[in-house]
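What follows is one structure encoded as structure tokens, with my remarks underneath.
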Amino acid sequence: MTVPVFEEYEPEADCGCRGCAQQRRTAATLPARHGGHPAAHGARRALVLATATGVVLSCGAGQAAPHEADRDGPPTRTIADPQPGSPQGSVGPLNNDGAPGAPAPGTAQRTTTRTAIIDRAKKWVTAKVPYDMTAYWSDGYRQDCSGYVSMAWNLGTNEWTGSLAGFGTKIARADLQPGDILLFHNAADPAVGSHVTIFGGWADGTHTHYLAYELTDPKARKATTPMAYWSNSSKYVAYRYKGIVSSSDSGSATAFPGAAKFGAGANNAHVTRLGKMLIAQGGGRFYVQGAGPRWGDADRRATQAFQLAQGWTGKQADGIPGPHTWKLLVEGTGRKIPAAGTGSSPGGSVAYPGRSHFQPGKAGSHVQRLGEQLVRKGYGAHYTSCPGPRWTEADRRNVEAFQRAQGWSGAAADGYPGPETWRRLFA
């Protein structure tokens, strides 16, 4: 028995065959959703091949095939789950911290590896981060397509399709590797069609489809996608992050060499590299003659200043680098060492005193300072009088309101200030 098939077809914007032209004429009479191309919103229709024996519906999800133009009729390929680019927020800081925009000339750019980029992209897919151009995920990045790439590239700021190119180098599509991006910025009207995806690898040997990591309505996803996208395909440009570490540089050179390589009596190349990384992160004032292979007090003090800048205390800020300190320095992802006279803590001159100061029954100047800063920031609604030195439920509820305003939830918004809450509050 011959079984008829329904096949869904998504016309490409740059295809000139008779079937695609008819699809675009049909789509022109239908409304388009904000932020996308009409062909991606209204032109989907069923091509019915009927027989006397019945019909069967074929979705074909995830089985997209290369486009083939038919001179004598409409194409017969199946396109799975076409999605338009979604509207995005403008360039902006990382949850009110950091300066947006491409690094100034001469500024050291954060480094990362291809594996790290894909791993970060996967985290949002696993977490099913919802698309929302006005919301921020717990890591501070905006929940839209460009915020997603900013997060995966670990830029430290929320960029948009109009600024991401400044962080990359244009490459040929044939040279794409995991961690690179495909970017379409519609300069004439950025709200219409602009979108960006992360290249995760080729999905077939013909290189007509690839694994795309992207954030588009309704949530972050990994999907097989035609090169370069469902619509505006010819307008997407491939870029490679300028700070990416090549495979030849991502082995032992970035691995933590062990605590034994640092401290009194140490004299090796790892000490030199540590000093150079610390200088790049604002620790230059500790070195009179620059970084060298012999461990000295300058290395210890600079390392400790960097650790304190991350909000660490006690043994975590002893001036000897551990795996976490080394990782932040190698990737350039930690908070920089503040200038002399501005303190060495996440809150500038106001050092985070520790979570133990903010518990029921606790009292002290730290509690009052916290309350006064909450009022200055506009989060004092639960105080019935001026903030005082004793921790109360009003303090907790005001802190919780501030934390929720950062886009946090659950344990991250429990009303008790941690190092990151303190840093943002006093920034």
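Which of the numbered conditions does residue 400 fail, given that it passes all the others? Conditions: (1) open to solvent by 20 Å² or more (accessible area, probe 1.4 Å); (2) over 21 Å from residue 141 (Cα atoms); (3) of a type outside the set (Ser, Thr, Tyr); (4) touching a Gly at 6+ places or on another chain (Cβ under 7 Å).
For residue 400, the failing item is (2).
From the set of residues in the stretch 200-236 that are open to solvent by 30 Å² or more (accessible area, probe 1.4 Å) and in contact with a helix residue (DSSP H, G or I) (Cβ under 8 Å, 6 or more places away or on another chain), which is farthest from residue 150 (Cα to Cα)?
So the first thing to find is which residues in the stretch 200-236 are open to solvent by 30 Å² or more (accessible area, probe 1.4 Å), and the list is 202-208, 211, 217-219, 221-222, 224, 227, 234-235.
Next cut, in contact with a helix residue (DSSP H, G or I) (Cβ under 8 Å, 6 or more places away or on another chain) only: 207, 221-222, 227.
Details: 207: 26, 221: 16, 222: 17, 227: 22 Å.
Step by step, filter the stretch 200-236, then rank; the result is 207.
Taking the stretch 366-396 on its own, how many of its residues are among the acidic types (Asp, Glu) and open to solvent by 40 Å² or more (accessible area, probe 1.4 Å)?
First, pick out the residues of the stretch 366-396 that are among the acidic types (Asp, Glu): 372, 393, 395.
Those left that are additionally open to solvent by 40 Å² or more (accessible area, probe 1.4 Å): 372, 393.
Looking only at that region, the number is 2.
Could you please let me know if residue 291 is farther than 27 Å from residue 149 by Cα, out of contact with any strand residue (DSSP E or B) (no Cβ under 6 Å at 6 or more places or on another chain), hydrophobic (A, V, I, L, M, F, W, C) and open to solvent by 60 Å² or more (accessible area, probe 1.4 Å)?
no
Only residues that are assigned to a strand (DSSP E or B), under 17 Å from the mean Cα position of the chain (by Cα) and more than 17 Å from residue 167 (Cβ to Cβ): list them for the stretch 214-250, please.
214, 215, 216, 219, 220, 221, 222 - these are the residues of the stretch 214-250 that are assigned to a strand (DSSP E or B), under 17 Å from the mean Cα position of the chain (by Cα) and more than 17 Å from residue 167 (Cβ to Cβ).
Within the stretch 258-292, which residues are without any contact (Cβ under 8 Å) to a residue 40 or more places away in the chain, assigned to a helix (DSSP H, G or I) and either over 18 Å from residue 306 (Cα atoms) or charged (D, E, K, R) (or both)?
Let us first name the residues in the stretch 258-292 that are without any contact (Cβ under 8 Å) to a residue 40 or more places away in the chain, namely 258, 260-261, 264-273, 275-276, 279, 284, 286-292.
Those left that are additionally assigned to a helix (DSSP H, G or I): 260-261, 269-273, 275-276, 279, 284, 286.
Those that are without any contact (Cβ under 8 Å) to a residue 40 or more places away in the chain, assigned to a helix (DSSP H, G or I) and either over 18 Å from residue 306 (Cα atoms) or charged (D, E, K, R) (or both): 260, 261, 269, 273, 276.
Find the residue count for the stretch 169-198, including only residues that are under 16 Å from residue 111 (Cβ atoms) and open to solvent by less than 10 Å² (accessible area, probe 1.4 Å).
2
I'd like the full set of residues that are without any contact (Cβ under 8 Å) to a residue 60 or more places away in the chain, surrounded by fewer than 17 Cβ atoms within 10 Å (Cβ to Cβ) and not aliphatic (A, V, I, L, M), limited to the stretch 403-427.
If the condition is that a residue be without any contact (Cβ under 8 Å) to a residue 60 or more places away in the chain, surrounded by fewer than 17 Cβ atoms within 10 Å (Cβ to Cβ) and not aliphatic (A, V, I, L, M), then 404, 410, 414 are the ones that fit.
Going through the stretch 115-132 one residue at a time, which ones are surrounded by fewer than 19 Cβ atoms within 10 Å (Cβ to Cβ) and touching a residue at least 12 places away in the same chain (Cβ under 8 Å)?
115, 122, 125, 127, 128, 130 - these are the residues of the stretch 115-132 that are surrounded by fewer than 19 Cβ atoms within 10 Å (Cβ to Cβ) and touching a residue at least 12 places away in the same chain (Cβ under 8 Å).
Please go through the stretch 185-203 and pick out each residue that is in contact (Cβ under 8 Å) with a residue 40 or more places away in the chain and under 27 Å from residue 116 (Cβ atoms).
Once the filter is applied, which keeps residues that are in contact (Cβ under 8 Å) with a residue 40 or more places away in the chain and under 27 Å from residue 116 (Cβ atoms), the stretch 185-203 yields 194, 195, 196, 197, 198, 200.
Sort through 373, 368 and tell me the only one that's more than 30 Å from the chain's Cα centre (by Cα) and either assigned to a helix (DSSP H, G or I) or modelled with pLDDT of 85 or more (or both).
On the way: 373 fails: more than 30 Å from the chain's Cα centre (by Cα).
So the residue among 373, 368 that is more than 30 Å from the chain's Cα centre (by Cα) and either assigned to a helix (DSSP H, G or I) or modelled with pLDDT of 85 or more (or both) is 368.
Of all residues in the stretch 158-167, count the ones that are open to solvent by 10 Å² or more (accessible area, probe 1.4 Å) and either of a type in the set (A, V, I, L, M, F, W, C) or in contact with a Phe, Trp or Tyr (Cβ under 9 Å, 6 or more places away or on another chain) (or both). Before the answer, list the steps.
First pass over the stretch 158-167, keeping only residues open to solvent by 10 Å² or more (accessible area, probe 1.4 Å): 160, 162-163, 165-166.
If we keep only those that are either of a type in the set (A, V, I, L, M, F, W, C) or in contact with a Phe, Trp or Tyr (Cβ under 9 Å, 6 or more places away or on another chain) (or both) as well, we get 160, 165.
Number of matching residues: 2.
Looking only at residues in the stretch 319-344 that are in contact with a Phe, Trp or Tyr (Cβ under 6 Å, 6 or more places away or on another chain) and of a type outside the set (A, V, I, L, M, F, W, C), which one is modelled with the lowest pLDDT?
Top of the filtered list is 323.
Every residue in the stretch 215-255 that is modelled with pLDDT under 85 and among the acidic types (Asp, Glu), please.
Selection gives 249 alone.
The values are calculated or read from the model by the stated rules, or taken from the named source; none is laboratory data. Bear in mind that the values here come from a model prediction, so they are computed numbers and not experimental data. Cβ coordinates were reconstructed from backbone atoms using ideal geometry, including for glycine residues, and neighbour counts include every protein chain displayed. What goes into the accessible areas is simple: the full protein's heavy atoms, side chains included, and nothing from ligands, DNA or RNA. Shrake-Rupley method; radii C 1.70, N 1.55, O 1.52, S 1.80 Å.
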